[in-house]
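The values are calculated or read from the model by the stated rules, or taken from the named source; none is laboratory data. Note that the structure is a prediction, hence the values are computed from the model and not measured. Glycine also receives a Cβ, built like all others from the backbone with ideal geometry; neighbour counts cover every protein chain displayed.
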Amino acid sequence: MKKPFAIAAMLLCLSAAPLYAENQPAPPPPNRSAPFDHDLERLAEILGALHYLRPMCGAHDGQRWRDEMQALLAAEAPTGERRRKFVASFNRGYRGYQQTYHTCTPAASIAIRRYLEEGARIAHDIGARYAN
């Protein structure tokens, strides 16, 4: 029962746009980082890993995790180096597992569970600190 809650929490926080409350400072200029960029990069890496691992382990998510990454990019609208970092993080998460896992294993299933939990936590924390 935790998985649907974790996914729902992550999706809810990812869809909260803008990520800045009215009393927060203005968004950074396009090529400068936001205070939560490190967390967003980690979330992007998790999304990449899930995009690879979930279908391999039998989930029928289709492009769900890639679409979540697209939603993150649309919400943040990063440009230049900032965008490159987010995309590189997603690709690192995907390729890291692609190079080592070719079938679903118990370790891959554990990684999926942990990534769902960590992603939900990161999304919640970002939303709690920076969303309206």
Open item on the list: Between a residue in the range 109-127 that is in contact (Cβ under 8 Å) with a residue 24 or more places away in the chain and any residue that is outside any helix (DSSP H, G or I), which pairs come within a Cβ distance under 7 Å, given they are 6 or more apart or on different chains?
Closed with: 109/57; 112/57; 126/19; 126/36; 127/16
TODO: Looking only at the range 48-67, decide whether some residue is more than 22 Å from residue 121 (Cα to Cα), assigned to a helix (DSSP H, G or I) and at pLDDT 90 or above.
DONE: yes
Task: Residue that is modelled with pLDDT under 95 and touching an Asp or Glu at 6+ places or on another chain (Cβ under 9 Å), where the choices are 75, 26, 21, 17 - done: 17
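Hey, could you check the range 53-102 for residues that are aromatic (Phe, Trp, Tyr) and within 20 Å of residue 33 (Cβ to Cβ) and say which is surrounded by the fewest Cβ atoms within 10 Å (Cβ to Cβ)? Full working, then the answer.
Taking the range 53-102 as the starting set, the residues that turn out to be aromatic (Phe, Trp, Tyr) are 65, 86, 90, 94, 97, 101.
Still in the list and also within 20 Å of residue 33 (Cβ to Cβ): 86, 90.
Details: 86: 21, 90: 26.
Out of the qualifying residues, it is 86.
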